[in-house]
1. Please give the strands (runs of 3 or more DSSP E) falling wholly within segment 156-216 in which 1 or more residues are at pLDDT 90 or above and outside the structural domain of V85 (by TED's automatic domain parsing).
2. A86 - would you say it is assigned to a helix (DSSP H, G or I), surrounded by 13 or more Cβ atoms within 10 Å (Cβ to Cβ) and either at pLDDT 60 or above or not assigned by TED's automatic domain parsing to the domain that holds L121 (or both)?
3. Could you say whether any residue in segment 96-109 is buried (at least 18 other Cβ atoms within 10 Å of the Cβ), modelled with pLDDT of 85 or more and of a type in the set (K, R)?
4. May I ask you to say which residue of E234, E276, E290 is at pLDDT 95 or above and assigned by TED's automatic domain parsing to the domain that holds V202?
5. Checking P111 against (1) within 12 Å of the chain's Cα centre (by Cα); (2) outside any helix (DSSP H, G or I), which test does it fail?
6. Assess whether G33 counts as being at positive phi and either modelled with pLDDT of 85 or more or not assigned by TED's automatic domain parsing to the domain that holds D217 (or both).
7. Looking for something hydrophobic (A, V, I, L, M, F, W, C), modelled with pLDDT of 80 or more and crowded, with 17+ Cβ neighbours inside 10 Å - is there at least one such residue anywhere in segment 130-150?
8. Do we find that K279 is part of a loop (DSSP other than H, G, I, E, B) and not acidic (D, E) in this structure?
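The values are calculated or read from the model by the stated rules, or taken from the named source; none is laboratory data. On a predicted model such as this, the values are computed, not experimentally measured, just so you know. Here the Cβ positions follow ideal geometry from the backbone for every residue, glycine too, while neighbour counts run over all protein chains shown.
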Amino acid sequence: MPIERQNSDLLGNNLMASEIASRITPKPKYSFGYKVKHSYMECQEEMTHYKAMLKSEPDKEKERRLELAKRLRHVLSKRGMKAEVARACKISEQAVSGWCRTGRIDKTHLPIIANITGSRLEWLLTGEGPMRAGRGDLVLRRERSVEPIEPGDEFVPIRKVKIKPNAGVTGYAIEVPEEDGRPVFYRADWIREKRYNPEKLVAMVVSGRSMEPSLYDGDLIVINLDDTEPREGEVYVLNLEGEIVVKRLRRERGQWIATSDNPDKRRYPDKPIDSEHAKIIGRVVYKQSEVI
């Protein structure tokens, strides 16, 4: 048989086999183009669902943040409070407003807010217990229901003390009160910037009205015990004739005068001071007040 005819027969047999196979084998239900389009739509749906999951937060976490934002709005509602917190935390006032809207805040800022506003740190964090405690009770009060919070290296503890006259009219003693001896915390970078020695800083609660409107009864002040050189217009804690007082020093006619900021000079008269009747304990370098 000629070779051409053999090839023709083989080709015909192959075509017949292909036709039979196509009849026996079921055709795919969808075309390749449909599969690609269908897979793309599925991917888009999955991606949309995934993005929604990323954007959403657990209900409890979102609720916790919103409650924190509500507490922040409450303690920072007084005029000028946001600006004071912004300066202390070294951020913009707009950032503080953002905390009050969203509750998204770096927790290291909360001790500063507690100090400035006089709020309990545990209340700011959890909303549990009273917003404020007793006079001078500002931060890190421990309760069994709340985990203690470590301030870390960013904050330095300052001893809260009582200063009492001792050894005559110029001596004094520093005591840590048993009922409220917890320290208060201040930013370490602030102390470094001012070049203060933390061991020489103490905190004390103001008593009396002689320094109003600069200092009010119950305000907390920080005293630098290393700074005892009198300077014009600065505020110092002194042992004045056997009494611990907070006064502003003025220089008049070559003599230092212990003055009160309260304009009622009949009740709070200015007094000349000398080394025999007065001793400077330290300069007031920071105040914390609830009165705006």
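1. The qualifying strands (runs of 3 or more DSSP E) are 201-205.
2. yes
3. Among the residues of segment 96-109, not one is buried (at least 18 other Cβ atoms within 10 Å of the Cβ), modelled with pLDDT of 85 or more and of a type in the set (K, R), which makes the answer no.
4. Just one listed residue meets the conditions, E234.
5. The number of the failed condition is (2).
6. no
7. no
8. no
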